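Shown next, in structure tokens, is the structure this report addresses.
The values are calculated or read from the model by the stated rules, or taken from the named source; none is laboratory data. Since this is a predicted model, take the numbers as computed values, not measurements. Don't worry about glycine lacking a Cβ; one is built from the backbone with ideal geometry, like all the others, and counts go over all protein chains shown. With ligands, DNA and RNA removed, areas are computed over all heavy atoms of the protein, side chains included. Shrake-Rupley method; radii C 1.70, N 1.55, O 1.52, S 1.80 Å.
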Amino acid sequence: MSHGVEPQPAEHQRKMALVTGVGRLAGIGAGIARQLAADGWDLVLTYWQDYDARMPWGIQPDDVERLTAELEAIGAKVVAVPADFQDPEAVDRLMASVAEQAGTLQGMVLSHAESVDSGVLDTSLESFERHFAVNTRASWQLVAAFARQAGHDGGAIVALTSDHTAFNLPYGASKGALDRIVIAAARELGPLGISANVLNPGPVDTGWMGEEVREEGTRRQPGGRLGTPADVAGTVAFLLSPAGRWVSGQLIKADGGFSA
């Protein structure tokens, strides 16, 4: 599904951001998209429902269309593109769609993820490679592709990460590698006017938590509540804004004090 973006007069032109992993209304990606749209961004969104089908929450078949309509109602132009980041060619296809339907990106938020729990002894080779393909390799491809198409004003990259390690080995390891890629990008792409940061939002219940995990997470939060997609979105929006662009090369924990 796609909605092409019509060219606008320069004085009215909104900036364009790519937000990956926006398949569910309850997800962090959707929360980020809402905030950016409210802040005046037009958006390219990616989603992959085959992943949702493997997860406890399942496919929400109308969520992408409903979110698109919601964002368009507040003035954003939206392009929604399915993208299977396990496929090495997916990023090239996505960026071709971006160039054709949206134009130059000034912001990019990597909120997609493969996340299936397993530990040191029970992680399969297939699962390990899938996590690194989606969370690490595709993210590196996206960072490089963003830089290659950036205009003279550069842009801002934010990637979501996690502290998970034990009993979530392939997810945690692939996110750790992502951290290093993004921090390297801050140094290498800085001369192009591109900032790059990693954001760890702590526990955000978007449908994956059981009651025991929810209660334990809430107990450990100094503020007595879990984070929400809107909490994450506020920090992302700042990092993409002109006021936040001086922040670069950082792994930021915006988790309500969870990690304190």
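Using the Cα gyration tensor of the range 54-114, with a ≥ b ≥ c the square roots of its eigenvalues, what is the shape: rounded (a/c below 1.5), prolate (a/b larger than b/c) or oblate (neither)? Oblate shape, in that a/c is at least 1.5 and b/c is the bigger or equal ratio. Couplings 3J(HN,Hα) of the range 28-38, computed from phi: 4, x, 5, x, 5, 4, 4, 5, 5, 4, 5 Hz, in residue order, whole Hz [Karplus 6.51 cos²θ - 1.76 cosθ + 1.60, θ = phi - 60°; x for Gly and Pro].
For the range 207-260, the residue among Leu251, Thr228, Met209 whose Cα projects farthest onto the positive side of the dipole built from Cβ charges is Leu251. When the chain is treated as a GNM with alpha-carbon contacts under 10 Å, the residue of Val64, Val98, Val116 showing the greatest mean-square fluctuation is Val116. Residue ranking by accessible heavy-atom surface, 1.4 Å probe, largest first, among His164, His131 comes out as His164, His131.
Listed by chain and number, the lysines placed with their C-alpha closer than 23 angstrom to that of Lys15 are Lys77; residues fewer than eight positions away on the same chain are left out. Taking every alpha-carbon pair under 8 Å whose residues sit at least 6 apart, the range 105-234 reaches a relative contact order of 26 percent.
With the whole protein complex present, Asp153 retains an accessible surface near 110 Å², based on a 1.4 Å probe. Its relative contact order, with pairs defined as Cα atoms under 8 Å and 6+ residues apart, puts the range 2-159 at 27 percent.
Under the convention that each Lys and Arg Cβ holds +1 and each Asp and Glu Cβ holds -1, the size of the dipole of the chain around its Cα centre is about 780 debye. Over the residues of the chain, the helix contribution to mean residue ellipticity at 222 nm works out to -12000 deg cm²/dmol, using -39500 (n - 2.57) for each DSSP H run of at least 4. Here the range 128-251 is treated with +1 on each Lys and Arg Cβ and -1 on each Asp and Glu Cβ, and its dipole about the Cα centre works out to around 320 debye.
Computed from backbone phi with θ = phi - 60° and the Karplus coefficients 6.51, -1.76 and 1.60, the 3J(HN,Hα) list for the range 176-193 is x, 5, 4, 3, 5, 4, 5, 5, 4, 4, 4, 6, 6, 9, x, x, 8, x Hz; x is used for glycine and proline.
By accessible area, using a 1.4 Å probe on protein heavy atoms only, the chain has 54% of its surface on carbon and sulfur.
With every protein chain in place and a 1.4 angstrom probe, the accessible-area ranking of Ser124, Ser241, largest first, reads Ser124, Ser241. Per the Debye calculation on the range 173-229 with a single equal scatterer at every Cα and no solvent contribution, log₁₀ I(q)/I(0) for q = 0.14, 0.24 Å⁻¹ amounts to -0.57, -0.89.
Rounded to a whole number, what is D in µm²/s for the range 134-260 from Stokes-Einstein with the Kirkwood radius over alpha-carbon pairs (25 °C, 0.890 mPa s)?
On the way: Rh = 15.5 Å.
Here the translational diffusion coefficient equals 158 µm²/s.
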